[in-house]
Each structure stands twice: as structure tokens, then as C-alpha cells.
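Okay, so here's the structure we're looking at.
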Amino acid sequence: VVNHETTALPVKTFDCDWNTYRNVQVALSRLRHSSTRLAEDYVPLAHAMLNLMITSVFPLEAMEKLVEKEILAVESPIQRIERLTKMTSEFIGEDHEIAKTVLNFLEDGYLTLLTSSPKEQQLFALLEEHRGKKIALIVPKAYYANILYNQNILDYFDDASQLCISTANKFDYSQQYDIIIAIGAFWGKKFDPFRCRSASTIYVMVSAVEEN
């Protein structure tokens, strides 16, 4: 493909604008610099939960059900929240207040995304619009594919071979697609939405945070 167009598609995922996101990042940075073992465990887990909420293209309960059935060998969202809750209770002084603020934010986002995913709704609307096309879907984690298949994503295709779900680092740029959809603003060794020539049309689904 010589000419291609990359289009950003803003999605309101949960109540998190850029300023709120920045405040959470500042809070996590302050915890990190406290240099305690508890903070060393808390900060990466909080980041992981935040990234999941920003990029999830499925209701979080869909992920939890597959974890419960042992179809997914990953920590579920509620398990992450429970671990963060326990760790928050173990902080003392100012660190406790900082961790509590972060936890409250993550809990609110979790509850918002538990049964509904704006990114999933937009994704399925795009797939309906381009039904019958060969599409590559770029996701941040390989296990997203398992969840999307369980969410009946193949209902939007005439044949399973029309869909490729890949992480940015595993993307096969030698293949050609009608459309590529990245479900977040992320890049990898083998995928850059602004340089990729594997499709004439590339969509990047972004939350308010990712737009910045």
C-alpha cells in the first residue's frame, strides 16, 4: 500500500481526562519515591490496572469470567483491586492517603467498565460497517484475543481467516489488510500506525488520556 490514512477515533471510556490521569501519575510517582517494598509492589500493579482500564475493549466482567473458568491464566481485574485494597491498608501516614486516592480512582473506573465497554461498542460498530473485509486488530496483550473471541467477534466476519488479532510486537507487516484497527495508542517493533503500509485505512481508538 503506497497511500494510507490513519484516523484517530476518540472514545470516552471512563471518567478520566488528562488532568485526572496526570494527578494519578503524580501520586504514583510520589509513592515510588518513598522507596518502600510495599510501594515497589503497589505502583506497578496500579499502573497495570490503569492501563487495562484505558485499553480494555471488553467489559471487565467478561475477563473475570474467563479467569474464573481458568481459560485465562492472568490476574483478573477484581483480584488486582483486592490486592491494591489490601496494600493500601498497610501504608501509613501520607503514603496511605496517596494510595487511598489512587485506589478510589481505580475502583470508580473498574465499576464503570465492569459491565459495559465503550471501546467494545465502537469496535463492533466499525466491524459492522466494514463487514466482509480483511481486518487486523492490534491489541496490547495477547490474551485480549481470547476475550474477544468469547465476545463473539467472529460474528462480524464471513470467515475466521478475515480476522487477525495481534499485539504490536507480533504484527506481521508482510500481510495486506483492508483495514487495521488499533484499540489504543501504542506502538511496537513491528507496528507503527503512522508508518504501517499493510492497509490503506488504519483506525486508532483512543481515550481522552491516549489523545495526549
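Some values worked out for this structure:
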{"item": "Loop trypsin sites (Lys or Arg not before Pro), the stretch 1-101, which have at most 16 other Cβ atoms in a 10 Å radius of their Cβ (DSSP)", "result": "12, 69"}
{"item": "Phi-based couplings in Hz for the stretch 176-191 (Karplus 6.51, -1.76, 1.60; Gly and Pro marked x)", "result": "10, 10, 6, 9, 10, 10, 9, 8, x, 8, 9, 10, x, 4, 10, 9"}
{"item": "Cα centroid of the stretch 118-176 to Cα centroid of the stretch 1-41, whole Å", "result": "24 Å"}
{"item": "Local electrostatic count, residue 152, Cβ distance below 13 Å [Lys/Arg +1, Asp/Glu -1]", "result": "-3"}
{"item": "Amide proton proximity set for residue 167, modelled H, under 5 Å, gap of 5+", "result": "139"}
{"item": "Degrees separating the helix 18-32 axis from the principal Cα axis of the chain, which is the longest one", "result": "50 degrees"}
{"item": "Under 9 Å, Cβ to Cβ, from residue 164 - net charge with Lys/Arg +1 and Asp/Glu -1", "result": "0"}
{"item": "1.4 Å probe accessible area per residue over the stretch 79-212, in Å²", "result": "50 Å²"}
{"item": "From phi via Karplus (6.51, -1.76, 1.60), per-residue ³J(HN,Hα) for the stretch 117-132 in Hz, x at Gly/Pro", "result": "10, x, 5, 5, 4, 5, 4, 5, 5, 5, 5, 5, 5, 10, 4, x"}
{"item": "Accessible area of residue 41 in the full protein assembly, 1.4 Å probe (Å², nearest 10)", "result": "70 Å²"}
{"item": "Relative contact order (%) - the chain, alpha-carbon pairs under 8 angstrom, separation at least six", "result": "32 percent"}
{"item": "Kirkwood Rh in Å, taken over the stretch 54-152 so that all alpha-carbon pairs contribute", "result": "15.3 Å"}
{"item": "Carbon and sulfur %, accessible surface of the chain computed with the full protein complex present, 1.4 Å", "result": "48 percent"}
{"item": "Relative contact order computed over the stretch 26-109 (Cα-Cα under 8 Å; 6+ residues apart), in percent", "result": "38 percent"}
{"item": "Rel. contact order, % - alpha carbon contacts under 8 angstrom, at least six apart, the stretch 68-184", "result": "27 percent"}
{"item": "Nearby aspartates and glutamates by direct alpha-carbon distance to residue 86 (threshold 12 angstrom, same-chain neighbours under 8 apart not counted)", "result": "41"}
{"item": "The stretch 12-112: GluC sites (Glu not before Pro) falling in loop per DSSP and having at most 13 other Cβ within 10 Å", "result": "70"}
{"item": "Between 0 and 90°, nearest 10: helix 37-55 axis offset from the chain longest Cα axis", "result": "30 degrees"}
{"item": "Accessible area expressed per residue, the stretch 1-59, with surrounding protein chains retained (probe 1.4 Å, Å²)", "result": "52 Å²"}
{"item": "Kirkwood hydrodynamic radius of the stretch 1-128, Cα pairs, Å", "result": "16.1 Å"}
{"item": "Derived scalar couplings ³J(HN,Hα) [the stretch 157-174; Karplus, 6.51 cos²θ - 1.76 cosθ + 1.60; whole Hz; x for Gly, Pro]", "result": "10, 6, 8, 4, 5, 6, 10, 10, 10, 8, 7, 4, 7, 9, 4, 9, 6, 7"}
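The values are calculated or read from the model by the stated rules, or taken from the named source; none is laboratory data. The structure displayed is predicted, hence computed values, not measured ones. With ideal geometry, Cβ positions are generated from the backbone for all residues, glycine too; neighbour counts draw on all protein chains shown. With ligands, DNA and RNA removed, areas are computed over all heavy atoms of the protein, side chains included. Shrake-Rupley method; radii C 1.70, N 1.55, O 1.52, S 1.80 Å.
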